[in-house]
């Protein structure tokens, strides 16, 4: 039961809380990226990845033939064909081919390299089946991705550039892909024995004629001598002599395939009558395709084909461009890494870029990826040693290793063979005693170098300072590492170390490659016999085996990418291996007991197991009783929601929304029938948004070789959807014998920050107090309450990180429905990835989905109904409303706002730009506007919005139309957002102050930069002349972020507004210890200037978890009070900050302000990687801030009082998380004898019970007053 304080009045709080983001230039907390996992349960230590990227001359090559050294090919005169794989195939250079397009600057990196003539006989080099670097019509070529996730523009068809980067050798070269290329300066090399067919247009320098052969084999001099003019050959000519430079007129958008019809994509549109078959050396008959308008069925098909070719040419034509594209593509959406970058020929100290910040991504792209330029040799051993030494670096800024539990990945990206007789010495035969497959007989190999930084004398990577006593803290898979010998591929190294990965382009070793599939695919089961030849002495396939050997010893992996798309896939897998390596914890986080209706309590808890791949919740409902003898509350378990989801996957009522640009998304049943594409297409839809860590990883869901025969190679579209509905068929054994998809302890995803709301059948939201047109309850709310009480049942609503908002029957715990908002679907593919015992860093990474606040209220729109409004929190920029009146399995979606909605708000700003991550609790209230009384959802616009301005959003519950009131200060230039608010009825009508007409007209809300704003809904404006009521600043004048909820109360002729500062939602918050403060501010109609206008209170001391605090009473002219959250024994203002912060929702009872604070372990996310923190419950006088906990009783109304002068007590939540919620309810000697809507006298003897997680129940006597059947907050 709860007191029936007049609804929507000054004395009533409709508290809303949000998680603040803070501008780095202004405050320390609330900055950067929102955390995507509970920081109390998982230290958010971002892994470090350092990339050593090949910048040798061969990176500029257009030709990549897998299995041939450096991917090049030789013209064999005696056989008049192409081939050769031996080391010396290209010793004469002129008979070897590296390039296809000899425009200006094409061979700047390798001047000895030449371009192959565009002859049909050389079709294999323009066929992606052979030259895997060449254009493949089956692939879609996209421009590079920018740091902000957008793509660079498509290539301009008639002005396709050879390199879009400025200051590059090919920057000024432009191709017209609609015409033949005719440029006498662009010379191709034609070699002895090659034939140029008749009708070919050629041009030779006047002074350099070409020697050819007659038909009888005799040599004819100067036959091809155009004198610098273009000439069309009238007959076939065969070159004689060594070589000749000739310019050709040719059509660049040309490609070849074998006669395999599957080498064109469906609906490509190339006309069958335009396909030409030609003879090609090494291939026989091939099909020739030219992307010309007349060769296609339609203009649209031609446009698509030519655009794809132009994009390939401009962005993926050679190894260097493909590598840049792969790096930008694979890094897209990666927000949990610190990345360093250097090239193998320019080994300088790396800068570590945080991919979680816009500046970090911009720096990585512009100072790293986009600077790649081909030059020099291939000193790979030196590069690997430099990787390891970078991780050991301790001096200077941007040190790679900053934490004792940090995972570190070194990546070598190379297209070529390590230069012989190069590399550092002194490592010795580090791997000699490790056994197979690690040991060999040679000193100072790349494998020795990798071993040194994995488990050898290079580890721990750091032992300086605090690291000296922090060994053994790197997380490993506890289950698997109990038997490391039985799992030799698993990284069980607990000291700081480097895992080593390699990506090479089409290389084959003497052992490594498709010719040895068993050893290549599983070197642990089939250990290679490493060569007796020291790889340092040669420049052949031994060095490819050496690189592979190094990745084995470094517990990484070798990837052999053969085409641009495979380079991206390899990069994605390396990043997925590096990412997700944050320290796991099995701690259970308590989100606090929610005491709702008079008889039901619901408490969620969450846990993470299996290397943080199995995040799950339990939701326990209990009946609440009151023992009149002991005068204490009792709880008796009633049901558990998670157990009732088992076995119901086929019948669960789950609906999902697909965005369509409007506030009314397309909603349909979440069933396989809604996903008609292939498994890959469905997977891509499930991994499409910015929060998705699973882009491009569908291949990782393939069945293992030992999978049951009935399982497909990849999970089908239907199997993935059925799994997300709760089907457990593909949850197999932990050793992956049958395992396909992630195992789940419970089918209810973790409930972390979402509200768990109890909507009781008799909930009275006070709308009977509405005074309109001179009448109370003109809309007959009392009658609706009686009907609702008679026909409805209680419901429990909660958002979970399985992608869904869940609705449970309050009587039984069975699920009534689940709803997937538009912003969840695009990263639900992440939920598929199983725990893999072969990996330390799991592919599955925790993400938030429906993790924001949930509110329920009655609304009127021609008739009464019950509506639910919820946000996705950090799981997406999204707020939605459901009509839950009927309590049916398919509630109507009233509206949904998201960053996918293109409609504008009242100011003309697109909603997708206005809305940020809404972590604050909305309120749903009646408001008077020009058309009468309308029910509105009022909320802050959230954080990290595209527009970056704080705004109050007032959303029409009937239509979803958004009225925005922007709040800004000239001083604040960084991104800002509005979060927390309270809504009150201050006016009667539009002019009379202190009204009681039940219509909300005033809102107080706090923004990300610590300002509390007052909004006047009578004219949708900012009050107080557009200035904040107060801006929170510490004693050093630094702004303090406001994250917790607000509370208000009447104070004479004004309003007291209560709030606190601090943040624990952004990744950097965990280690911040800046001073935070609790405030009580009096709004008397004038803005408050600052701390000097307030009375300061102090925390004096702490003994046995009890904190004593000052009880100073301020003067008549003070505008409120404040309490810094730190110890100040002398009360002289020298408060010592400890990282304590105000995060929760305050409650006002009996003139006492109750609230919770949280102090994270100061090393969370730091060097020592500690977890957890402490919660404190405060009780302060609302008017003065003086200590008041001594006015409560513990455990019962007759219990012991805390010591005199107690301001706070430490709580024990049973977990490590921040407790935010305080539950209050009334007790009496009897339950109400009447139904809602009746006007009967209530009981006369009542007490207030205040319950904080982990704290003893606190009791206070109070008059019963009128009783409500609804807990408002």
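Any read-out appearing in this document is the output of simple, stated calculations on the displayed coordinates, not a laboratory observation. Given the structure is predicted, the values throughout are model-derived calculations rather than measurements. Note that each Cβ is placed from the backbone with ideal geometry, even for glycine, and that neighbours are counted across all protein chains shown.
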**Prompt:** Helix 541-553 versus the longest principal axis of the chain: what is the Cα-based angle in degrees, 0 to 90, to the nearest 10?
**Reply:** 20
**Request:** Give me the orientation-averaged projected area of the Cα convex hull of segment 392-526, in nm², one decimal.
**Result:** 10.0
**Message:** Just to confirm the number: angle between the C-alpha axis of helix 319-331 and the first principal axis of the chain, 0 to 90 degrees, nearest 10?
**Reply:** 10
**Request:** Please figure out what share of the DSSP beta bridges in segment 964-1081 is antiparallel and state it in percent, rounded to the nearest 5.
**Result:** 100
**Along principal axes, Cα extents of segment 1005-1135, largest first, whole Å** = 52, 41, 25
**Request:** List the relative contact order of the chain as a percent without decimals, with contacts defined as Cα pairs under 8 Å and 6+ residues apart.
**Result:** 12
**Item:** Convex hull of segment 1069-1183 built on C-alpha atoms - directionally averaged projected area, nm²
**Value:** 8.5
**Asked** If we sort 411-421, 799-809, 519-529 on the protection proxy, mean other Cβ atoms within 10 Å, highest first, what's the order?
**Response** 799-809, 411-421, 519-529
**Prompt:** Per residue and in Å³, how big is the convex hull formed by the alpha-carbon atoms of segment 412-481?
**Reply:** 160
**Item:** Normalised convex hull volume, segment 233-369, alpha-carbon set, Å³ per residue
**Value:** 217
**Asked** Of the peptides 760-769, 1003-1012, 1023-1032, 1036-1045, how do they stack up when ordered by the mean number of other Cβ atoms within 10 Å, highest first?
**Response** 1003-1012, 1036-1045, 760-769, 1023-1032
**Request:** With N set to the residue count of segment 882-1031, report its C-alpha Rg divided by 2.2 N^0.38 Å to two decimal places.
**Result:** 1.05
**Request:** Taking the chain as the reference, fit the longest principal axis to its C-alpha atoms, fit the long axis of helix 299-316 to the helix C-alpha atoms, and give the angle between the two in degrees, 0 to 90, nearest 10.
**Result:** 80
**Message:** Within segment 1122-1142, name every residue whose backbone N is under 18 Å away from a label modeled 7 Å from Cα of residue 1035 along the Cβ vector.
**Reply:** 1122-1141
**Distance histogram for segment 727-878 (every C-alpha pair counted, 10 angstrom bins, percent rounded to whole numbers)** = 10, 30, 26, 18, 9, 5, 2, 0
**Asked** From the list (i) 1.04; (ii) 1.11; (iii) 0.99, can you say which value of Rg/Rh (Cα atoms, Kirkwood Rh) was derived from the structure given?
**Response** (i)
**Shape category assigned to segment 147-188 from the gyration tensor of Cα positions, a/c cut at 1.5** = oblate
**Request:** Provide the FRET efficiency to the nearest 0.05 for the residue 77-residue 208 pair, computing r from the beta carbons and using R0 = 25 Å.
**Result:** 0.80
**Fill in**
per DSSP, antiparallel bridges as share of beta bridges in the chain, % nearest 5, sits at 85
**Asked** Rounded to the nearest 500, what is the chain's calculated 222 nm mean residue ellipticity when only DSSP H runs of at least 4 contribute -39500 (n - 2.57) each, over all residues?
**Response** -3000 deg cm²/dmol
**Prompt:** Volume per residue, Å³, of the convex hull around the alpha-carbon atoms of segment 862-909?
**Reply:** 114
